[in-house]
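Working notes, beginning with the structure itself.
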Amino acid sequence: MSKYLLRRSLQLVVVAFVISLLTFLLVHLLPGDVTTQILGPNDTKANRAILLKQLGLNFPLWRQYLTWLGAVFQGNLGNSYLNHESVTHILATGAPVDIELIIISQVIAFSVAIPLALVTSRKPNRALDNVSTTGTFGLLALPPFVIAPILVAVFAVGLGWFPATGYTPFTQSPATNIHQMILPSVAITFGSIAVYYRLLRSDLISTLQQDFITMARSKGLTSRRIMWRHAFRPSSFSLLAAAGINIGALIAGAFVVELLFAMPGIGLALVQAVEQRDYLVVQGLALVVAIAYVTIQFVIDFIFTIVDPRVVRE
Amino acid sequence: MSESNEISRRIFLSRGAAAGGAVVLAGAAGSALAACSSSSTTGSSTTAATGSKPGVGTGTPVRGGSLTVGTTGDIDGFYPPANHWDSNGIIYANALYDPLCAIAADGSIQPYLCQSVTPNATFDSWTLTLRPGITFSDGSDLTSAVVVANFQALKASLLTGQALVQVTSATATDPMTVVFSLEAPNPRFPAGLTTQVGYVFGQAMIDAVKAGNSNPTPIGTGPFIFQSREPNNHFTVTRNPNYWRKGLPYLDQITYRPIPDTIQREATLKTGGVDMLQSSDPGTIKRFGGRSNYQVVDTRTGVLGEPTMAYIQLNTVVAPTNDLRVRQALAKGIDQAVIQRVFGGGYATPVNGVFLSDSQYYSPTSFPAFDPAGAKKLVAEYKAEHGTPSLQLLTITDPRLGQVVQIIQQMWSQVGFDVTIGQVEQATLATDFVSGKFQAATSAQFGAIDPDLNYVWWSTTTAKPVGSIALNFARNSDPVIEQNMLTGRHASDTATRVKAYQTVNQQLAKDLPYLWLGQYLFVEVATSRVQNFANPTLPSGAPQYPFDEGIFVPTQIWLSK
Amino acid sequence: MPDDRELLDTGSSSQLLGDRFPGLAATDEQIVAMQSDPTGDEDILVRKPMGFLFWCALGWITLVLLASVLANVLPLQSPNFQNYSALNQGPSAAHWLGTDDLGRDLLSRLIFGSRVSLVVGFFGVAIGLAIGGTAGLVSGYKGGKLDIALNAGSFVILAFPAIVALIAIVTFWGASLLHITIILGVGTIPLMFRVIRASSLSFAQRDFVIAAKTMGATDTRIVLREILPNVIPVTVTFSLITLAGIIVIEGTLAFLGLSVNLPIPSWGNLINEGTANNALSTNPYIMMWPALAMFLLLWSINLIGDRLRQRFDIREGLL
């Protein structure tokens, strides 16, 4: 086990390093830099040179990267050049936003997709299956930035059940927080429901054709027991893989929802930082997000070994 | 979705800094307290709520209550020397700080935090007397030493130093008096004290920054005191119980919530998440105008000085836009009225220059009207010599701007140009402007209380070749403009000044570095509970400029029951 | 009583059943009957005719493809011509699907838009499948160092901040249909890799694979004959999901200015345009038609896939 963890950690470090290096290079090679934004009408050749020096941006790239890396190992991710917020603070305030979005949206997604798939895979092409299929394809055609304004128009402005925008940390006021999180989470969850449902259903239908299911039937097990105890586990691989990708992507990928609902999440911070060439923020956030993403994939891989003990732990 | 005009939206290169930038360089004419430009009275509106004028409170002010305002974006920080504030920055600043001077509703510059500011005979030395007995939110006194320390921090800063170039020194002659010495006579010096560099901040902030804290807690003399702030989430202030304007403010608390997406901001107003919102989308006027439970104030009338203009910026030193005929054809190809109808909700009217028709500097110009036949002729002429003119029209990645460039592309294609559209990020576009690597691009700028504040964008001294940093982005090096800008700055009588700026405007219409698309409108909407958000008064009792290009004053707002 | 592990064992023959559980032995006929009705509820494997819906689906796909290819030849209005006196109109005789907020014909924009979306979608999925799918198939089966390496590679692409990569690529390489397709295709590679690898992984442990190995089958043969057929259903399902995803993401890219130049339409950027600037309230048609078209396309492909799957019943290998 410890060897397993060691190997995984090594993999994580290598991947994180590669990503951080590539991110650093790419973002520094993009045209424009943060001085234009900062200096505004004071943008002159002299001022720019002074500012670059102040910000440590006049050194060769390799030196800047190593300086940054060194700081990272000491736990210092740096500050934004623009509003001086520390990257750590951005993460501390942004991570709860995205974690909550992930938790709520995925709980809803699994709660809907799994039972639905279990039921409809038993009776494919019947009414419920057709409706579900149609519904999920409809959801795939409507991304969050379409669904969110509709949800707000109906449930916030129309019915007044939820606020239209806003974020209060959970620790500050749990009730307000959940109240504000519902619409954004729902906007995200529809896509997840569609993906999970279709994958699980497909796998279940395949599994149900296998002999051991026949065996179970022949032994007189109930359909319910068959589905839950025998069919579900071996059918969950694609679902798990997709969930892993989905959740990882949501860490910093929910930026459209964050923008629309005015929530200070990591996705929004990252996009803004890239657009403003706030290098340290980009690098810091990208690194942490990458580590989190890969860790989630490792967890998924580990879950594979639990779901099917025959899968070898590498 | 209308997000991205807000993702890193600023009116490119903020107005506040531009104001600070050029005014104090100026030596414009007239006495310090003269009107900068004529105007109608307080900011106007489209609808009246409850029979009274929108934004003007009726009845007795009610004390207490908490106001929530939805703003278009967040700011970077509260320390004036380390930021340049756009309109959101000044909105926040108006809660925490007071400016030394402020603009009255008639356009004149009046003392605000200071008691008086008087020039010497040659206008190169200004004596500023502070009001006694004012304290900052940390209990320290407002003294001349603090004002001098402010000045030194601002002058030394890369971001604000430019604005104070012509102020050679600030000296505290006694605890309540500061003397500013200028490099050259500047009769309009106090106008600069209404901008970012005029907002007075506490010594403790300067000390904190020196000690290494780049984000010091704001300490000001303003009507409200800093309570908390989460970037991109909220900024909250509470009532200053020791505010020097007795009896003010009325509100107990204000929370500012940056909500980037306009439609979502409006939805938040409708659901009660905010009581008031700011917007730069004219559609807001349409969506809230005429509704009895909302008050709408916008900048279609009541603008003092020059409004912010939306325009296409042309590069006058690269092909094909370096050819005047091409620029003329491009201008004749644009139908402003259609753009304003389709894109701007029909609220703005075609403009011929940087001045609106109610400005004292307004005059007819030769700015080309919509004339597709004329444009085609010019294009044919150019084509015969150089082949079909082709250019790229750049804009930022914003859905609304994406719309307008498609309209313009069609208009220009119809008169014979070959136009491609490029959407780039704000940072890239800013760099392109500064370095001159563009042919045509959308922009919005030039809002200023005084034309002299735009010197830095129009001067020959700031028109550097492509590849060098130049603030005259269009690189329109016109000695007539330069000469008249300086004349206007130094002129000792109004008539000369007016003539000078009219000439500048007419030259701009001849040179065509800018193709006007119309006034860039600012809107604020509030529920009927919010009283007096567009009716501030100066300490003297005279009415203040109520809605300065998206900036409102929170001091005298109250919430009715 | 047999425990779950034995139940998971596949390929048990009726003979084994009879050996181990006397009295539970089923005849071959009974087994076949059971196999065609695992849960005893519905017979899903009876060979039905393809059905009316199948032909509808096929018809829709054909229609979309033909219209897309022949767009230039069809008597359509210009997709980019803005008619300022016909803004935001609903469906009418002049404009069958209405007009958008700049007065452009929506039917024409829909058809021309299908070009971008179909190319980006199909080729993007194709790239993802060809590279990511193949890699995942092999990697899930082989495991070992290959798997670790490929996994790490896929993580680098997956966990990389997409926005940085996109802006960088578009800035340096330029945005054209080809480039966007390749970018999105490359982005799909790790997705296909992970999902198909998971599926391949789950089948690689099955007894029939072990049995095939024991019988001396080469890896290639096992992958192709034993694992691939079983991975196909999930592959098809996920490909369809990815197709939808790519079309939509291209729209999001358009919003960020990272896609094909304005005013070229695509379903993605039409959906986008239809939600921006309050268009959902003023003119829901802009968003509705491309979403509907995409929905119908997905549904059609899925239906065809399902029917084909039923007809060419994919089972895992038997002993």
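The values are calculated or read from the model by the stated rules, or taken from the named source; none is laboratory data. What you see is a predicted model; the values in this text were computed from it and never measured. Reconstructed Cβ throughout: ideal geometry from the backbone, glycine too, with neighbour counts over all protein chains shown. Remember, those area values only see protein heavy atoms, side chains included, never the ligands or the DNA or RNA. Shrake-Rupley method; radii C 1.70, N 1.55, O 1.52, S 1.80 Å.
Looking at (1) among the charged types (D, E, K, R); (2) open to solvent by 10 Å² or more (accessible area, probe 1.4 Å); (3) over 22 Å from B:Ile312 (Cα atoms), find the lone condition where B:Arg497 falls short.
The one condition B:Arg497 does not meet is (2).
Identify, from the list C:Thr214, C:Thr237, C:Thr220, C:Thr252, the residue that is closer than 24 Å to A:Thr136 by Cβ and surrounded by fewer than 24 Cβ atoms within 10 Å (Cβ to Cβ).
Going through C:Thr214, C:Thr237, C:Thr220, C:Thr252 in turn, just one is closer than 24 Å to A:Thr136 by Cβ and surrounded by fewer than 24 Cβ atoms within 10 Å (Cβ to Cβ): C:Thr252.
Return the residues of the range A:7-33 that are open to solvent by less than 30 Å² (accessible area, probe 1.4 Å), within 18 Å of C:Ile157 (Cα to Cα) and not aromatic (Phe, Trp, Tyr); say none if nothing qualifies.
Result: A:Arg8, A:Gln11, A:Val15, A:Ala16, A:Ile19, A:Ser20, A:Thr23, A:Val27.
Among the residues that make up the range B:149-172, is at least one of them part of a helix (DSSP H, G or I) and β-branched (Val, Ile, Thr)?
So far as the range B:149-172 goes, no, none of its residues is part of a helix (DSSP H, G or I) and β-branched (Val, Ile, Thr).
For the range A:275-314, name all the residues that are in contact with a Gly (Cβ under 7 Å, 6 or more places away or on another chain) and more than 7 Å from chain C (Cβ to nearest Cβ).
Passing the criteria: A:Arg277, A:Leu280, A:Gly284, A:Ile296, A:Ile300.
Inspect the range C:197-214 for any residue being at pLDDT 85 or above and under 30 Å from A:Leu30 (Cβ atoms) and give the result as yes or no.
no
Condition (residue is within 14 Å of chain B (Cβ to nearest Cβ) and open to solvent by less than 60 Å² (accessible area, probe 1.4 Å)) applied to the range A:57-70: is it met by at least one residue?
Looking through the range A:57-70, at least one residue is within 14 Å of chain B (Cβ to nearest Cβ) and open to solvent by less than 60 Å² (accessible area, probe 1.4 Å).
Quick one: would you say B:Thr255 is within 14 Å of chain A (Cβ to nearest Cβ) and under 25 Å from the mean Cα position of the chain (by Cα)?
Yes, satisfied.
Inside the range C:171-183, can you point out the residues that are assigned to a helix (DSSP H, G or I) and open to solvent by 20 Å² or more (accessible area, probe 1.4 Å)?
Correct list: C:Thr171, C:Phe172, C:Trp173, C:Leu177, C:Leu178, C:His179, C:Ile182, C:Ile183.
Go through the range B:395-490 and tell me which helices (runs of 4 or more DSSP H), entirely inside it, have 3 or more residues that are farther than 22 Å from B:Gln519 by Cα and within 14 Å of chain C (Cβ to nearest Cβ).
Per the criteria, B:426-435.
Do you know which residues across the range C:193-237 are closer than 18 Å to A:Phe237 by Cβ, without any contact (Cβ under 8 Å) to a residue 40 or more places away in the chain and not in a helix (DSSP H, G or I)?
Scanning the range C:193-237 gives a single hit, C:Gln205.
Scan (1) out of contact with any helix residue (DSSP H, G or I) (no Cβ under 7 Å at 6 or more places or on another chain); (2) closer than 16 Å to A:Ala254 by Cα; (3) of a type in the set (Ser, Thr, Tyr) for the single condition A:Thr222 breaks and write down its number.
(2)
Residue check: is C:Phe81 part of a loop (DSSP other than H, G, I, E, B) and either free of Cβ contacts under 8 Å to residues at least 60 places away in the same chain or within 25 Å of the chain's Cα centre (by Cα) (or both)?
So C:Phe81 fits the description; yes.
Which residue out of A:Ile150, A:Ile108 is open to solvent by 20 Å² or more (accessible area, probe 1.4 Å), in a helix (DSSP H, G or I) and at pLDDT below 95? Explain how you work it out, then say what you get.
On the way: A:Ile108 fails: at pLDDT below 95.
When all the criteria are applied, what remains is A:Ile150.
Find all pairs meeting these conditions: Cβ atoms under 6 angstrom apart; at least six residues apart or on different chains; first residue within the range A:172-184 and free of Cβ contacts under 8 Å to residues at least 12 places away in the same chain; second residue assigned to a loop (DSSP other than H, G, I, E, B).
Taking only residues 6 or more apart or on different chains, the pairs are A:Thr176/A:Thr168.
Within the range B:234-247, can one find any residue that is open to solvent by less than 50 Å² (accessible area, probe 1.4 Å), more than 24 Å from the chain's Cα centre (by Cα) and among the basic types (Lys, Arg)? Lay out the reasoning, then the answer.
Taking the range B:234-247 first, the residues open to solvent by less than 50 Å² (accessible area, probe 1.4 Å) are B:234-238, B:240, B:243-245, B:247.
Right, trim to more than 24 Å from the chain's Cα centre (by Cα) and you get B:238, B:240, B:243-245, B:247.
Now narrow it down to the ones that are among the basic types (Lys, Arg): B:245.
Scanning the range B:234-247, I find at least one residue that is open to solvent by less than 50 Å² (accessible area, probe 1.4 Å), more than 24 Å from the chain's Cα centre (by Cα) and among the basic types (Lys, Arg), so the answer is yes.
Quick check on my filter: what residues within the range A:32-56 are under 32 Å from the mean Cα position of the chain (by Cα), assigned to a helix (DSSP H, G or I) and more than 7 Å from every other protein chain (Cβ to nearest Cβ)?
Selection gives A:Val34, A:Thr35, A:Leu55.
Select from the range C:162-178 the residues that are more than 8 Å from chain A (Cβ to nearest Cβ) and either under 18 Å from A:Leu30 (Cα atoms) or in contact (Cβ under 8 Å) with a residue 60 or more places away in the chain (or both) and list them in ascending order.
C:Leu166, C:Ile169, C:Val170, C:Trp173, C:Gly174, C:Ala175, C:Ser176, C:Leu177
Tell me, which residue of the range A:77-88 that is surrounded by fewer than 19 Cβ atoms within 10 Å (Cβ to Cβ) and within 26 Å of B:Leu158 (Cα to Cα) is modelled with the lowest pLDDT?
A:His84
Testing B:Trp126 on (1) outside any strand (DSSP E or B); (2) closer than 27 Å to B:Arg497 by Cα; (3) not polar (S, T, N, Q), one condition comes back false. Which one is that?
Evaluating B:Trp126 over (1) outside any strand (DSSP E or B); (2) closer than 27 Å to B:Arg497 by Cα; (3) not polar (S, T, N, Q) leaves (1) as the failure.
Can we say B:Ile206 is closer than 18 Å to B:Leu113 by Cβ, of a type outside the set (S, T, N, Q) and open to solvent by 20 Å² or more (accessible area, probe 1.4 Å)? Quick ask: steps written out before the conclusion?
Values: closer than 18 Å to B:Leu113 by Cβ: yes; of a type outside the set (S, T, N, Q): yes; open to solvent by 20 Å² or more (accessible area, probe 1.4 Å): no.
Criteria not met by B:Ile206.
Only one of B:Ser468, B:Ser459 is open to solvent by 30 Å² or more (accessible area, probe 1.4 Å) and among the small types (Gly, Ala, Ser); which?
B:Ser468
With (1) at pLDDT below 90; (2) assigned to a helix (DSSP H, G or I); (3) open to solvent by 20 Å² or more (accessible area, probe 1.4 Å) as the list, and C:Gly140 as the residue in question, which single condition is left unmet?
It is condition (3) that C:Gly140 fails.
Which residues, taken from the range B:523-544, are assigned to a loop (DSSP other than H, G, I, E, B) and open to solvent by less than 10 Å² (accessible area, probe 1.4 Å)?
Step one: filter the range B:523-544 for residues assigned to a loop (DSSP other than H, G, I, E, B), giving B:528-529, B:532-536, B:538-542.
Once the filter is applied, which keeps residues that are assigned to a loop (DSSP other than H, G, I, E, B) and open to solvent by less than 10 Å² (accessible area, probe 1.4 Å), the range B:523-544 yields B:Phe533, B:Ala534, B:Pro536, B:Leu538.
Let me confirm something: among B:Thr461, B:Thr428, which residue is touching a Pro at 6+ places or on another chain (Cβ under 7 Å), over 16 Å from B:Thr321 (Cα atoms) and without any contact (Cβ under 8 Å) to a residue 60 or more places away in the chain?
B:Thr428
Quick check: anything in the range C:273-286 more than 8 Å from every other protein chain (Cβ to nearest Cβ), open to solvent by 20 Å² or more (accessible area, probe 1.4 Å) and in a helix (DSSP H, G or I)?
Yes: one or more hits.
Which members of the range A:234-274 meet the condition of being of a type in the set (S, T, N, Q), part of a helix (DSSP H, G or I) and more than 8 Å from every other protein chain (Cβ to nearest Cβ)?
Of everything in the range A:234-274, those that are of a type in the set (S, T, N, Q), part of a helix (DSSP H, G or I) and more than 8 Å from every other protein chain (Cβ to nearest Cβ) turn out to be A:Ser235, A:Asn246.
Just to verify a result, which residue in the range A:141-160, among those that are closer than 13 Å to B:Gln264 by Cα and of a type in the set (Gly, Ala, Ser), is nearest to the other protein chains (Cβ to nearest Cβ)?
Among those residues, the one meeting the criterion is A:Ala156.
Assuming C:Ile196 fulfils every condition listed in (1) open to solvent by less than 10 Å² (accessible area, probe 1.4 Å); (2) farther than 28 Å from C:Leu297 by Cβ; (3) within 10 Å of another protein chain (Cβ to nearest Cβ) apart from one, which condition is it?
(2)
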